[in-house]
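No value in this document is a laboratory result; all are computed from the given coordinates. Worth saying up front: this structure is predicted, and the values here are computed from it rather than measured. Note: ideal-geometry Cβ built from the backbone for every residue, glycine included; neighbour counts use all protein chains shown.
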There are 2 protein chains.
Amino acid sequence: MKHIRVGIVGFGTVGRATADIIAHHSALIEKRSGVKLTVTAVCRRQAINPADAPPGARITTGWKELLTSDDVDVIVETMGGVDHSLQLLRGALEHGKPVVTANKKLLAEHGDELFALAVARNLPIGFEASVAGGIPILRVIQESTAGDRLRALHGILNGTSNYILTQMESRGIDFDQALSEAQKAGYAEADPTFDIDGQDARDKLCILARMAFGGHLDVARIPTYGIRDVRAVDIRSAQRLDRTIRLVASAEQTGSGLDVSVRPWLVSRRSMLAKVEDVNNAVFLVGDRLGTQMFYGRGAGGDATGAAVVSDLVEIARDLAAGRLSAKNVVGFLDSRALEIAPEPKPAGWYLRLTVHDQRGIIARVADTLAREGMNIDSVQQEPHSPKERLSLFFTVEPVSEPKVRSAIEKINAFEFMVEPVLLLRIE
Amino acid sequence: MKHIRVGIVGFGTVGRATADIIAHHSALIEKRSGVKLTVTAVCRRQAINPADAPPGARITTGWKELLTSDDVDVIVETMGGVDHSLQLLRGALEHGKPVVTANKKLLAEHGDELFALAVARNLPIGFEASVAGGIPILRVIQESTAGDRLRALHGILNGTSNYILTQMESRGIDFDQALSEAQKAGYAEADPTFDIDGQDARDKLCILARMAFGGHLDVARIPTYGIRDVRAVDIRSAQRLDRTIRLVASAEQTGSGLDVSVRPWLVSRRSMLAKVEDVNNAVFLVGDRLGTQMFYGRGAGGDATGAAVVSDLVEIARDLAAGRLSAKNVVGFLDSRALEIAPEPKPAGWYLRLTVHDQRGIIARVADTLAREGMNIDSVQQEPHSPKERLSLFFTVEPVSEPKVRSAIEKINAFEFMVEPVLLLRIE
């Protein structure tokens with residue numbers, strides 16, 4: 001029986017859940033994997049109540065000493081942020097210690113450097129917890145790509161946005177109310193930007209796409225739109241079309257490159273995407289041989305993320321015990337070719353919501369503009385009972401490429417009757 | 001670069017797809033895993049057209065020589081059946097060769113012996129392809145159980161039955177027509193018993209439950225009911241209740257043991273189970289920490305199953321190349337404790353369809369019988385426009401345990417107006 005000692009840096013929700021799972025499942029882990037995990041050190045900048053720390057673990061406030069300390073075999077990073085985490089992971093690998101992290105932002109931005117270092121040192125970085133919480137999607141992708149070529153992936157990767165959208169849908173409330181309730185319920189942070197504007201989903205998508213398709217992808221170049229401008233009227237309008245709205249991260253290999261984006265989609269209420277409710281996540285993979293697969297589960301929360309951290313720890317512990325640590329899990333990520341973003345993404349159907357000051361001839365002028373840009377209108381709706389000075393009009397158009405629809409929107413936004421810019425959603 | 005040579009025994013749909021994937025994805029596999037796979041031998045009792053065999057592979061009709069031949073490092077068993085497969089796997093392991101199989105029947109019935117032999121020889125048996133085709137559910141369970149305790153699992157594990165049920169649902173056709181069309185489409189075998197009577201799902205459930213909960217489970221003791229008696233009237237009746245019918249394999253740990261069965265369920269049309277259509281499979285896992293997870297994809301077919309075989313081959317090839325073969329993946333299966341089947345399963349709601357020769361007072365007598373057995377009726381329906389001598393009546397009852405509802409059914413079946421026995425479906 002090999003005994004593997006874990007140091008946890010950052011003792012918030014995920015760090016605490018990780019320690020808790022190790023404490024409570026230790027016997028099960030031993031039985032299943034033949035290794036004994038113990039948390040021997042916990043590091044947090046603020047003071048920790050010793051009663052909250054894992055039994056027998058020492059408490060420190062500086063993570064640097066863990067890099068060289070004799071009683072820590074593996075380091076778990078759950079402090080978040082980028083600067084300190086980057087230094088920590090770099091330091092750990094340089095000192096020969098495997099690391100596990102849930103930090104998607106760090107990996108989306110500095111994955112190249114960190115994974116290259118891991119390969120150079122032949123050490124693993126466990127990062128299953130960085131995407132889709134407890135869903136073992138990175139392992140699934142690794143396995144899938146062993147016997148198949150993946151063509152596309154898409155999914156709901158941000159629990160906060162999904163919670164807000166499903167609350168808006170089920171209770172007819174507006175975005176601001178749903179957000180403030182999500183904050184009270186602990187599902188959204190005080191500054192929710194990162195979640196609701198799509199960056200969190202974008203970082204996760206970047207990691208998934210690199211694992212699935214192999215190659216470098218610049219996270220900052222992924223077109224990213226959030227749900228901040230989605231209103232109750234959009235949910236109602238979607239419902240009249242037998243649809244609902246989801247924030248979807250998608251990446252597809254096309255002849256001209258990767259068609260990749262994070263944006264709200266209008267999806268059929270009968271689709272599996274629509275069935276993903278509250279803070280849950282789902283990832284769809286499409287492979288040549290495997291067809292479409294879908295993986296669903298809790299996308300966030302200490303327990304699910306902690307369980308993913310522990311699954312990485314167990315794998316590392318097994319390999320450590322067998323004396324065969326390696327950086328095997330970062331192969332796709334480090335593929336040297338670049339994943340080029342397609343200059344002209346695939347045509348899609350689009351939903352446009354116009355907020356206008358009502359006057360005669362609006363629909364005719366909008367329809368004319370859309371026609372001149374080569375678009376066919378699929379449906380037109382007007383929100384019932386809305387005030388003349390702030391009327392919502394909804395158009396759906398048949399599939400065209402995004403530059404075309406954006407060019408039409410630019411012209412529409414210039415009309416004198418427009419109260420605010422057009423909201424554009426992609427139709428599934 | 002290590003070169004791993006594969007011998008395939010049984011060259012039907014799955015064997016051929018496996019060879020085809022290895023031939024076409026060889027470069028990708030090399031890049032991703034650092035090993036080169038080649039099929040060097042193919043064995044089939046009937047003659048193979050040399051043009052159909054993998055390039056460079058020799059063709060044999062007897063599998064025994066593969067056990068000792070120098071040009072085969074790993075053996076893939078895709079011939080099906082139990083007798084020869086058992087001998088083949090036993091022989092391969094005894095001769096020090098790892099094996100990969102898609103044969104759930106073999107593993108459900110002889111898993112104890114084969115996995116014990118694998119452990120004794122420290123050799124892997126790859127069996128990802130034996131359950132749920134391309135969905136990597138066994139690996140997911142292994143990972144999940146590393147950091148969490150699983151409480152329950154259920155799923156749609158038989159693609160043939162699911163295809164028949166969804167055809168009945170979408171086109172309003174009866175069971176016999178759906179079955180015969182499934183046979184024509186290649187989704188059902190000439191003798192469909194194994195699929196439509198639930199044994200195939202039962203064998204897969206046995207493997208899943210043993211992996212998830214750890215311990216011995218006698219496959220023959222799993223209560224198993226198929227879909228042979230489900231009729232178009234049941235689908236219509238389910239639709240009136242906003243439900244549909246799915247063949248569900250389920251296992252749940254309860255205080256008194258494992259509540260396990262394969263049987264048709266009435267599920268909400270809005271549920272994810274209802275969204276699983278055609279030959280697709282889905283598995284739901286419920287863990288203490290991870291909550292509910294769902295994994296969905298193609299459950300059968302050469303490509304999906306072949307891809308699962310290849311994913312096992314790649315893992316074995318990697319370990320073989322690194323000189324670290326082991327039987328690590330059979331830990332749960334070999335847990336020595338027995339998974340006791342709960343004597344009194346959890347209460348559930350039930351759907352009863354009675355086919356009667358109409359006369360006065362039937363509903364009153366049935367209702368009286370149900371009441372005497374301590375059941376509360378939830379709904380009663382009568383199929384419209386049905387002939388008096390063969391009238392369908394539907395009852396749904398509030399949750400009670402199965403023995404209670406079976407005792408009531410026994411009494412109802414004895415009534416003189418019954419044309420055939422009651423059909424009993426569980427309500428989700």
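A straight Cα-to-Cα reach below 20 Å connects B:LYS31 with the lysines A:LYS328, B:LYS2, residues fewer than 8 places away in its own chain not being considered. Taking chain A as a Gaussian network, where each spring joins two C-alpha atoms under 10 Å apart, which residue of A:GLN382, A:GLN253, A:GLN199 fluctuates the most? Looking only at A:GLN382, A:GLN253, A:GLN199, the biggest GNM fluctuation is shown by A:GLN382. Shielding by partners for peptide B:101-108, expressed as the average number of C-beta atoms from other protein chains within 10 Å of each residue's C-beta, is 0. Which part of segment A:249-266 falls in the paramagnetic zone of A:ARG228, meaning amide N under 16 Å from the point 7 Å along Cα-to-beta-carbon? From segment A:249-266, the list is A:262-264. Straight-line cross-link partners of A:LYS64 among the aspartates and glutamates, defined as a Cα under 18 Å from its Cα and at least 8 positions apart when in the same chain: A:ASP73, A:GLU77, A:ASP83, A:GLU94. Against chain B, whose longest principal axis comes from its Cα atoms, helix B:83-94 is set at around 40 degrees. Shielding by partners for peptide B:149-155, expressed as the average number of C-beta atoms from other protein chains within 10 Å of each residue's C-beta, is 1. When you count the other C-beta atoms within 10 angstrom of each residue and take the mean per peptide, A:117-123, A:340-346, A:203-209 line up highest first as A:203-209, A:117-123, A:340-346. Centre-to-centre, using Cα atoms only, segment B:248-316 and segment A:137-152 are separated by 19 Å. Where both bridge residues fall in chain B, DSSP classifies roughly 65% of the beta bridges as antiparallel. Centroid-to-centroid, using Cα positions, segment B:48-99 and segment A:12-46 are 44 Å apart. Each peptide among B:157-163, A:281-287, A:393-399 gets the average number of other Cβ atoms lying within 10 Å of its residues, and from highest to lowest they stand as B:157-163, A:281-287, A:393-399.
The order of A:LYS97, A:LYS36, going from fewest to most other C-beta atoms within 10 Å of their C-beta, is A:LYS36, A:LYS97. Sorted shortest first, the separations between the B:PRO343 label point and its copies elsewhere in the assembly read 7.6 nm; each point sits 7 Å from Cα along the Cα-to-Cβ line. Size of segment B:137-298 from its Cα atoms: along the principal axes, largest to smallest, the extents are 45, 32, 29 Å. Helical runs (DSSP H, four residues minimum) scored at -39500 (n - 2.57) apiece and divided by the length of chain B put the mean residue ellipticity at 222 nm at -12000 deg cm²/dmol.
Shielding value for A:412-424 is 0, the average number of Cβ atoms from other chains within 10 Å of each residue's Cβ.
Each residue of segment B:252-269 is assigned a 3J(HN,Hα), and the resulting list reads 9, 7, 10, x, 9, x, 8, 8, 9, 6, 10, 6, x, 10, 8, 10, 4, 5 Hz, derived from the Karplus form 6.51 cos²θ - 1.76 cosθ + 1.60 (θ = phi - 60°), x at Gly and Pro. Place a point 7 Å from Cα of B:GLN87 in the direction of its Cβ. Which residues in segment B:43-66 have their backbone N less than 17 Å from it? Once the point is set 7 Å along Cα→Cβ of B:GLN87, B:43-46, B:60-66 turn out to lie under 17 Å by backbone N, inside segment B:43-66. May I ask for the net charge around A:ALA118, where only other residues with Cβ less than 12 Å from the Cβ of A:ALA118 are counted and Lys, Arg are +1 while Asp, Glu are -1? Result for the local shell: +1. When the convex hull of its Cα atoms is viewed from all sides, the protein assembly as shown shows a mean projected area of 39.2 nm².
Note on B:LYS346: lysines with a C-alpha under 21 Å away, same-chain residues under 8 apart excluded, are B:LYS404. With coordinates expressed along the principal axes, the C-alpha atoms belonging to chain B extend over 78, 46, 35 Å, beginning with the largest. Distances, shortest first, from the label point of A:PRO384 to those at the same position in the other copies read 2.7 nm; the point lies 7 Å along Cα to C-beta. Among beta bridges identified by DSSP and lying wholly in the protein assembly as shown, the antiparallel ones come to about 65 percent.
When only alpha carbons are used to place a centre, segment B:101-126 and segment A:351-428 end up 62 Å from one another.
Ranked for footprinting exposure by Cβ neighbours inside 10 Å, fewest first, B:PHE194, A:PHE213 give B:PHE194, A:PHE213. Roughly what angle does helix A:159-171 make with the longest principal axis of chain A, taking Cα atoms, 0 to 90 degrees, to the nearest 10? On a 0 to 90 degree scale, this one is about 40. Neighbour counting of Cβ atoms within 10 Å sorts the residues B:THR166, A:THR61, fewest neighbours leading, into A:THR61, B:THR166.
Once you list every other residue whose beta carbon is under 9 Å from the beta carbon of B:PHE417, what net charge do they have if Lys and Arg are +1 and Asp and Glu are -1? Residues near B:PHE417 contribute -1 overall.
Projecting 7 Å from Cα along the Cα-to-Cβ direction, the label point of A:ALA120 sits 5.0 nm from its equivalents in the other copies, listed shortest first. Put a plus charge on the Cβ of each Lys and Arg, a minus charge on the Cβ of each Asp and Glu, and nothing anywhere else: the dipole of segment A:137-297 about its Cα centre is then about 520 debye.
Dipole magnitude for segment A:348-427: computed about the Cα centre from +1 point charges on Lys and Arg Cβ and -1 point charges on Asp and Glu Cβ, it is near 40 debye.
For the pair A:SER407 and A:ALA367, the difference between a 0.36 nm per residue extended length and the Cα-Cα distance amounts to 13.0 nm. Compared with the dominant Cα axis of chain A, that is its longest principal axis, helix A:175-184 is turned about 20°. Among A:ALA232, A:ALA304, A:ALA27, the largest mean-square fluctuation in a Gaussian network model of chain A (Cα springs under 10 Å) belongs to A:ALA27. Here the Gaussian network model covers chain A, with springs between Cα atoms less than 10 Å apart; of A:LEU391, A:LEU138, A:LEU86, A:LEU391 fluctuates the most.
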